[in-house]
Amino acid sequence: MGRLTLILGGARSGKSSYAQQMAQQHAGPVIYLATAQALDLEMEHRIETHRLDRPKDWITLEAPRGIAAALQQQPAVAGVVLLDCLTLLVTNLVMAAAPDEDHPDEKAALQAVKDELAQLMPAIRASKSDWIVVSNEVGLGLVPPYPLGRLYRDLLGRANQELAAVADEVFWMVAGIPVPIHTYRLKSE
């Protein structure tokens, strides 16, 4: 298995920029897994801005969900796989499973996130590529005032915990500064 790095932080904390810098330092091709969906003009603009920020030689794979299956269809072998971001992946899963903001189907949303992670985690473990996963930490703010927001916050928090538990490195981004939370240390022989 390659190394897994999880980069957490708030909105506009520099997560994606730092992840891209890390990916550029790796040898070999980079596969960029984009989970955003252009559902409105603002999101179209954000996606285009991210595209322009990435190096042209990176392989971009757009997969709003079903990451493991999408990777199986990608013939290229990467030195690093950059998943940007887990936040939108969980959003996509929750919205597909529980679109009713006032009465979300919590069981369906929980199962959708569990199923995605149950497929993603073995794909990461089996990969020879290093992985960098970007995600937001949404549990530090106010409690969302509506059921779907609370459900989303809880499911993303659980997904972050699951990835952090197996990650070699976890960084917390604060105002563009990466703060190591957990760093894997090689044992001396």
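Using Cβ point charges alone (K and R +1, D and E -1), the dipole size of the chain about the Cα centre works out to roughly 620 debye. Per residue, the range 59-189 exposes 55 Å² of solvent-accessible protein surface, assessed with a 1.4 angstrom probe and all protein chains in place. For the chain, excluding the exposed loop sites themselves (trypsin sites (Lys or Arg not before Pro), DSSP loop, at most 11 other Cβ atoms within 10 Å), the longest remaining stretch covers 57-127. Less than 5 angstrom separates the built amide H of Leu4 from those of Trp131, Asp168, Glu169, all sequence-distant by 5 or more or on a different chain. Each 5 Å bin from zero holds the following percent of Cα-Cα pairs in the range 47-189: 2, 8, 16, 20, 19, 17, 11, 5, 2, 0, 0, 0.
Estimated from helical segments only, the mean residue ellipticity of the chain at 222 nm is -14000 deg cm²/dmol, where each DSSP H run of four or more residues counts as -39500 (n - 2.57). Kindly flag which residue pairs out of Lys107/Lys128; Lys15/Lys128; Lys15/Lys56 have an alpha-carbon separation exceeding 26 Å in this structure. Those over the limit are Lys107/Lys128. Label-to-label distance, Leu142 versus Lys114, with points set 7 angstrom from Cα along the beta-carbon direction: 3.3 nm.
In sequence order, the range 105-120 has phi-based couplings of 7, 4, 5, 5, 5, 4, 5, 4, 5, 4, 4, 4, 5, 5, 8, 6 Hz under the Karplus curve 6.51 cos²θ - 1.76 cosθ + 1.60, θ = phi - 60°, and Gly or Pro positions carry x.
Shape class of the range 1-78 from the Cα gyration tensor (axes a ≥ b ≥ c, square roots of the eigenvalues): oblate, since a/c reaches 1.5 or more and a/b does not exceed b/c. Counting only protein heavy atoms, what percent of the accessible surface of the chain is carbon or sulfur at a 1.4 Å probe? With neighbouring chains kept in place, the figure for the chain is 54 percent.
The values are calculated or read from the model by the stated rules, or taken from the named source; none is laboratory data. All values derive from a computational prediction rather than experimental measurement. Note: ideal-geometry Cβ built from the backbone for every residue, glycine included; neighbour counts use all protein chains shown. What goes into the accessible areas is simple: the full protein's heavy atoms, side chains included, and nothing from ligands, DNA or RNA. Shrake-Rupley method; radii C 1.70, N 1.55, O 1.52, S 1.80 Å.
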